[in-house]
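K.L.:
Structure below; questions to follow.
The values are calculated or read from the model by the stated rules, or taken from the named source; none is laboratory data. Quick caveat: nothing in here was measured; it's all calculated off a predicted structure. Here Cβ is always computed from backbone atoms with ideal geometry, including for glycine, and neighbour counts include all displayed protein chains.
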2 protein chains.
Amino acid sequence: MIQTLLNHRSIRKYKSDPIPENILSEILQAAVRGSNTGNMQVYSIIVTRDAAIREQLWEQHFKQDMVKQAPVHLTFCADFNRFNKWCELRNAEPGYDNFLSFFTASVDAVIAAQNAALAAEAHGLGICYLGTVNYNTERIIEILNLPKGVVPVAVLSLGYSDEQNELTPRLPLEAVVHYEKYHDFSSEDIQKIYLETENSEFTKNLILENKTDNLAQIFTQKRYTKANNIHFSKHLLRVLENQGFMNHGE
Amino acid sequence: MIQTLLNHRSIRKYKSDPIPENILSEILQAAVRGSNTGNMQVYSIIVTRDAAIREQLWEQHFKQDMVKQAPVHLTFCADFNRFNKWCELRNAEPGYDNFLSFFTASVDAVIAAQNAALAAEAHGLGICYLGTVNYNTERIIEILNLPKGVVPVAVLSLGYSDEQNELTPRLPLEAVVHYEKYHDFSSEDIQKIYLETENSEFTKNLILENKTDNLAQIFTQKRYTKANNIHFSKHLLRVLENQGFMNHGE
């Protein structure tokens with residue numbers, strides 16, 4: 001198990017081989033066994049195998065080929081719709097149309113997603129998260145018929161890998177782990193933490209390709225720009241509003 | 001591995017035995033191997049073992065005993081502080097003071113948390129998530145010295161279990177899994193989905209204890225009330241504002 005955790009690689013090329021039903025079922029069972037708030041299970045998992053629907057989703061996921069290639073596309077949603085319907089049938093007034101409810105449901109959806117990812121990897125499958133779920137959320141909601149109270153928050157491509165990937169390098173553990181309390185970073189700390197990453201051949205080639213001065217500028221100028229982040233932040237907050245998660249009274 | 005996933009129980013009583021360094025180190029390594037957005041690793045993990053700091057945290061986590069009992073308390077944070085400092089050193093203007101950046105960093109922090117949880121369970125340790133992290137976030141930020149750009153989003157208690165728990169029942173898979181697209185629930189569907197849960201002895205005793213008419217009312221009237229949800233939603237949005245994640249221009 002530890003080896004599966006330590007050997008994770010995101011897979012972006014897939015064979016068309018389907019995933020056997022019993023394996024898919026075990027992946028879904030593993031997903032719902034994850035920890036969740038108050039055992040309310042306020043999340044849902046949309047399993048999309050239909051090629052035509054996956055093609056529609058592919059458009060919204062910035063046309064990343066894996067959405068069409070991988071036989072299974074899993075959309076994990078924060079979901080209070082079912083829970084609210086149950087409360088209403090039981091003469092219990094639901095109070096879950098707010099940001100806290102969305103956020104806790106999102107955390108639970110991601111825990112379920114990561115359990116599914118690991119169960120898949122334990123079965124020799126490849127997985128990849130698609131962050132694009134936060135970019136075209138409105139259209140994805142339409143395509144998957146998500147009702148009010150439901151917001152997609154994590155997406156996995158799932159299938160048999162058609163590529164051999166090296167392990168992606170990570171920053172040294174001291175970049176991420178703090179003991180007892182947070183110890184903020186001096187400029188020297190930052191230099192040290194990023195030294196190996198910045199000096200790698202991989203990074204040097206990336207900088208040449210991107211025509212920037214350094215690696216940090218690839219992130220700020222090309223991949224995750226301020227203008228895009230603001231645009232998609234507004235979009236995501238609008239989605240929360242429209243899906244009924246921003247009612248905080250007066 | 002599948003067995004570890006399927007046999008998860010949240011543990012709320014712990015022995016005081018410490019976690020060996022090599023096991024803790026492996027848990028942290030497993031955490032950082034999880035998928036993350038653009039390999040930016042915009043999260044951090046605060047490992048708190050000091051009893052005095054854990055006592056302060058215990059107060060904020062609604063005095064749940066496990067915070068004092070469990071030898072290790074892990075706080076997973078959405079963290080753009082380190083990344084922003086690096087960008088600034090490299091003449092790259094960071095644009096990560098917005099809701100999208102917070103949300104994607106939160107998803108990555110939760111993936112890391114769930115990897116840590118599973119690595120711990122693979123080593124025979126018990127874990128429990130503490131949802132209270134979203135309730136007293138402001139005070140937790142003070143106690144752990146979290147700078148601007150850092151928000152705690154998931155907390156784990158970690159240690160050797162001092163209780164024997166049954167597996168918590170889950171709703172049938174069809175309550176959570178939708179094929180191809182979302183299929184909304186009729187009243188009959190809802191009745192069927194909740195039938196077993198509502199008829200269990202456990203639920204019947206819970207209703208007697210809570211003096212409500214039914215299980216749904218325990219959630220809406222006792223555990224997760226509308227008034228509390230609105231109160232903590234405003235608190236959480238204020239935290240995002242104060243920690244610098246709600247700047248969306250004009």
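K.L.:
Working only within segment A:134-148, note down all residues that are under 13 Å from A:C77 (Cβ atoms), more than 8 Å from chain B (Cβ to nearest Cβ) and in a loop (DSSP other than H, G, I, E, B).
P.N.:
Result: A:K148, single match.
K.L.:
Any idea which residue in segment A:105-140 is farthest from A:L6 (Cα to Cα), counting only those that are buried (at least 24 other Cβ atoms within 10 Å of the Cβ) and polar (S, T, N, Q)?
P.N.:
Among them, the one singled out is A:N134.
K.L.:
Can you confirm whether B:R12 is more than 10 Å from every other protein chain (Cβ to nearest Cβ) and farther than 27 Å from A:I23 by Cα?
P.N.:
Criteria met by B:R12.
K.L.:
Out of all the residues in segment A:86-100, is one or more out of contact with any helix residue (DSSP H, G or I) (no Cβ under 9 Å at 6 or more places or on another chain) and surrounded by 21 or more Cβ atoms within 10 Å (Cβ to Cβ)?
P.N.:
No: segment A:86-100 contains no residue that is out of contact with any helix residue (DSSP H, G or I) (no Cβ under 9 Å at 6 or more places or on another chain) and surrounded by 21 or more Cβ atoms within 10 Å (Cβ to Cβ).
K.L.:
If you check B:Q41, B:Q69, B:Q64, which single one turns out to be surrounded by fewer than 24 Cβ atoms within 10 Å (Cβ to Cβ), of a type in the set (S, T, N, Q), within 17 Å of the chain's Cα centre (by Cα) and at pLDDT 95 or above?
P.N.:
B:Q64
K.L.:
Now, a different point. So which of A:D189, A:D184 ends up being farther than 29 Å from A:A78 by Cα, at the interface with chain B (Cβ under 9 Å from one of its Cβ atoms) and not in a loop (DSSP other than H, G, I, E, B)?
P.N.:
Of the residues listed, the single one that is farther than 29 Å from A:A78 by Cα, at the interface with chain B (Cβ under 9 Å from one of its Cβ atoms) and not in a loop (DSSP other than H, G, I, E, B) is A:D189.
K.L.:
Moving on. Of all residues in segment A:228-249, how many are over 15 Å from A:S101 (Cβ atoms) and touching a Lys or Arg at 6+ places or on another chain (Cβ under 7 Å)?
P.N.:
Number of matching residues: 0.
K.L.:
I would also like to ask the following. Is there a residue being at the interface with chain B (Cβ under 7 Å from one of its Cβ atoms) and among the charged types (D, E, K, R) anywhere in segment A:60-78?
P.N.:
no
K.L.:
Before we move on, is B:V47 under 17 Å from the mean Cα position of the chain (by Cα), surrounded by fewer than 21 Cβ atoms within 10 Å (Cβ to Cβ) and within 10 Å of another protein chain (Cβ to nearest Cβ)?
P.N.:
yes
K.L.:
So B:A30 fits all but one of (1) at the interface with chain A (Cβ under 9 Å from one of its Cβ atoms); (2) more than 27 Å from A:A105 (Cβ to Cβ); what number is the exception?
P.N.:
Result: B:A30 fails condition (2) only.
K.L.:
I'm trying to understand the selection: among the residues of segment A:181-209, which are surrounded by 16 or more Cβ atoms within 10 Å (Cβ to Cβ) and among the polar types (S, T, N, Q)?
P.N.:
A:T197, A:T203
K.L.:
Being in contact with a strand residue (DSSP E or B) (Cβ under 7 Å, 6 or more places away or on another chain) and within 7 Å of chain B (Cβ to nearest Cβ) is the filter here, so list the residues in segment A:158-178 that pass it.
P.N.:
A:V176, A:V177, A:H178 - these are the residues of segment A:158-178 that are in contact with a strand residue (DSSP E or B) (Cβ under 7 Å, 6 or more places away or on another chain) and within 7 Å of chain B (Cβ to nearest Cβ).
K.L.:
For segment A:120-133, which positions are within 9 Å of another protein chain (Cβ to nearest Cβ) and part of a helix (DSSP H, G or I)?
P.N.:
If the condition is that a residue be within 9 Å of another protein chain (Cβ to nearest Cβ) and part of a helix (DSSP H, G or I), then A:E121, A:A122, A:G131 are the ones that fit.
K.L.:
When the residues of segment B:149-174 are narrowed to those that are part of a loop (DSSP other than H, G, I, E, B) and hydroxyl-bearing (S, T, Y), which ends up surrounded by the most Cβ atoms within 10 Å (Cβ to Cβ)?
P.N.:
Per the stated criteria, the residue is B:Y160.
K.L.:
In segment A:15-27, how many residues are under 21 Å from B:P172 (Cα atoms) and either facing chain B (nearest Cβ under 7 Å) or not hydrophobic (A, V, I, L, M, F, W, C) (or both)?
P.N.:
Residues in segment A:15-27 being under 21 Å from B:P172 (Cα atoms) and either facing chain B (nearest Cβ under 7 Å) or not hydrophobic (A, V, I, L, M, F, W, C) (or both): 5 in total.
K.L.:
Do we find a residue being basic (K, R) and under 27 Å from A:C77 (Cα atoms) anywhere in segment B:162-170?
P.N.:
Looking through segment B:162-170, at least one residue is basic (K, R) and under 27 Å from A:C77 (Cα atoms).
K.L.:
Specify the residue that is nearest to A:I230 (Cα to Cα); the eligible residues are those in segment B:93-116 that are touching a residue at least 60 places away in the same chain (Cβ under 8 Å), within 7 Å of chain A (Cβ to nearest Cβ) and aliphatic (A, V, I, L, M).
P.N.:
Of everything passing the filter in segment B:93-116, B:V107 is nearest to A:I230 (Cα to Cα).
K.L.:
Return the residue satisfying two criteria in turn: it lies in segment B:10-24 and is in a loop (DSSP other than H, G, I, E, B) and at pLDDT 95 or above, and of such residues it is surrounded by the most Cβ atoms within 10 Å (Cβ to Cβ).
P.N.:
B:I11
K.L.:
So, of the residues in segment A:211-241 that are closer than 24 Å to B:S233 by Cβ and crowded, with 18+ Cβ neighbours inside 10 Å, which turns out to be farthest from the other protein chains (Cβ to nearest Cβ)?
P.N.:
The qualifying residue farthest from the other protein chains (Cβ to nearest Cβ) is A:V239.
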